[in-house]
Amino acid sequence: MKLATALVACLLQLGSAAPARSAPAAGEAGEERIPLLAVLVAKTFLRAVVDRDLKTAAPLAASEVSFDGKLVKGPRQVRRRLARLLGALAGRRRLKKVVVVTMARARRLFGPPPARLKLTRKDLVVAFGRFRRGGLVAILAPVANRWRVIALTD
């Protein structure tokens, strides 16, 4: 019983067990659910980027990823591009906060995503990683029944 209570507390602490709350737009449901696996992948990916952990970050990326509008295809090329991104991070970064929302909610809060990302799917999840200075936005989508990062931008 203690294990079940601890697991429920952990899930609630992650913030994804409860639906994301927002004012419903015309014609939309009042509550949007973010899959727990999407939240876990998003947080793990952003943590791996901050820690410069290519071994953890690369498998969480899809085989086609848009790096700020430049589409990179193929697992090797994506891994190579991620390695360059991790190497370009100046100094020690600390991830202060991660907020994960549905694309619909992100659109309502911040407007449409940058056109250069060419995002057309409706089932996307957006993870905002905040550093002391700046941040990183990861867009996730279900790919072959798994959540993967399909786009990155700052």
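Throughout, read-outs are computed from the coordinates displayed, never taken from laboratory work. Keep in mind the model is a prediction, meaning the values are calculated, not measured. For neighbour counting, all protein chains shown are included, and Cβ atoms are generated from backbone atoms with ideal geometry for every residue, glycine included.
Miscellaneous remarks
- When segment 73-128 is described by a simple charge dipole with +1 on each Lys and Arg Cβ and -1 on each Asp and Glu Cβ, the residue from VAL101, PRO75, PRO114 located farthest towards its positive end is PRO75.
- Computed over segment 32-153: relative contact order in percent, which uses C-alpha pairs under 8 Å that are six or more apart: 30 percent
- Extension gain for LYS73 to LYS97 (0.36 nm times residue separation, less C-alpha to C-alpha distance): 5.7 nm.
- Applying the Karplus relation 6.51 cos²θ - 1.76 cosθ + 1.60 with θ = phi - 60° to segment 32-43 yields 3J(HN,Hα) values of 10, 9, 9, x, 4, 4, 4, 5, 5, 5, 4, 5 Hz, where x marks Gly and Pro.
- Backbone phi angles across segment 116-125, fed through the Karplus curve with coefficients 6.51, -1.76 and 1.60 (θ = phi - 60°), yield HN-Hα couplings of 4, 7, 6, 9, 10, 6, 9, 9, 8, 10 Hz in residue order; Gly and Pro are listed as x.
- Sites matching trypsin sites (Lys or Arg not before Pro) across segment 66-154 that sit in DSSP coil, with at most 11 neighbouring C-beta atoms within 10 Å: ARG92, ARG94, LYS118, ARG121, LYS122, ARG132, ARG133
- Inter-part distance where segment 37-67 and segment 88-154 are each reduced to a Cα centre, Å: 11 Å
- Lys, Arg +1 and Asp, Glu -1 on Cβ, resulting dipole of segment 33-122 about Cα centre, debye, nearest 20: 140 debye
- Size estimate for segment 32-153 follows the Kirkwood approach: the inverse of mean 1/r over distinct Cα pairs works out to 14.4 Å.
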